[in-house]
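Shown next, in structure tokens, is the structure this report addresses.
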Amino acid sequence: MMIECRELTKTYLVEKKPVFAVDNVNLSISRGEFVVILGHSGSGKTTLLSLIGGLTTPDRGQVLVDGEENWQQSDNDLSTMRNSRIGFIFQFASLIPTLTVMENILLPMTFSLNPAGNRAMAREILAEVGLADRENSFPSQLSGGQQRRVAIARSFINQPDIILADEPTGDLDEETERDILDLFSRYNAKGTTFVVVTHNSNLAATQKGARVFSMSQGVLSAQAA
């Protein structure tokens, strides 16, 4: 099993009362699967993605990636695993404003011990997201949707085994959304595992073979096929 969540729980204090962001979630994801988790804002899906990616520490439970528990690793080993094996697409583009598009895409390589990416690969990915002519632009010169596409390109540069995507098509027009989902499908067909959280039910409908879950008040439920 590539990703396994066991009794995963995360709470936050709201007005001195505990609120379950993630409530006793059990989830197993095999290598090469495409998993979509649907839920409204505040349902806990972003927190779950952060727990899977080793960005947030659970209050209880475990996350295992290929049998190795995230929080039993040293900080350095966990950071290396995140950088080399996981591509993150965050809810906001989070580009570095002083870096060009190309420099933003290549940034993950800076922290990689065995970088798989290079400028030629970055240009190829930029072309795939429709920004072949913007590699020397700065984020301030791009629209919100273009910045989103740069962030998506950045997530693929180290050829990760896993893509964790938080509302990846949230600010894209319909045509660009279709292009990005086609890109996801092509990478998934090559063996990349996807975990996508979204409120967009159309995203789940367009991904053939996707396993779909819903999340509400921290509780994860499998949807009927």
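A few comments on the model shown:
- Rounded to 5, percent antiparallel among DSSP beta bridges of region 1-130: 100
- For region 64-165, alpha-carbon Rg and Dmax in angstrom: 14.1, 44
- Student exercise, region 3-222 dipole from Lys, Arg, Asp, Glu Cβ charges, in Debye to nearest 20: 140
- Taken one residue at a time, the phi angles of region 77-93 give Karplus couplings (6.51, -1.76, 1.60, θ = phi - 60°) of 5, 5, 5, 5, 4, 4, 6, 8, 10, 10, x, 9, 10, 7, 4, 10, 4 Hz. Gly and Pro are set to x.
- Vicinal HN-Hα couplings computed from phi for region 213-223 (Karplus, 6.51 cos²θ - 1.76 cosθ + 1.60; Hz; Gly/Pro x): 10, 10, 9, 8, 6, x, 9, 9, 10, 6, 8
- Exposure proxy ranking, count of Cβ atoms within 10 Å, fewest first, for 177, 15, 69: 15, 69, 177
- Neighbour counts of C-beta atoms inside 10 Å place 208, 16 in the sequence 16, 208, starting with the fewest.
- Mean Cα-pair separation over length for the chain, i.e. relative contact order, pairs under 8 Å, 6 or more apart, %: 30
- Think of the chain as a dipole: +1 on every Lys or Arg Cβ, -1 on every Asp or Glu Cβ, centred on the Cα centre; then among 140, 53, 8, 8 lies furthest on the positive end.
- Here the chain carries DSSP beta bridges of which approximately 55% are antiparallel, counting only pairs with both residues inside.
- Dividing the summed -39500 (n - 2.57) terms of all DSSP H runs of n ≥ 4 by the residue count of the chain sets its mean residue ellipticity at 222 nm at -10000 deg cm²/dmol.
- Each residue in 174, 103 was given a count of other beta-carbon atoms within 10 angstrom of its own, and listing them fewest first yields 174, 103.
Computed from the coordinates by the stated procedures, all read-outs in this text should not be read as laboratory data. What you are looking at is a predicted structure, and each value in this text was computed from that prediction instead of being measured. Because the Cβ atoms are built from the backbone with ideal geometry, glycine has one as well, and the counts that use them run over all protein chains shown.
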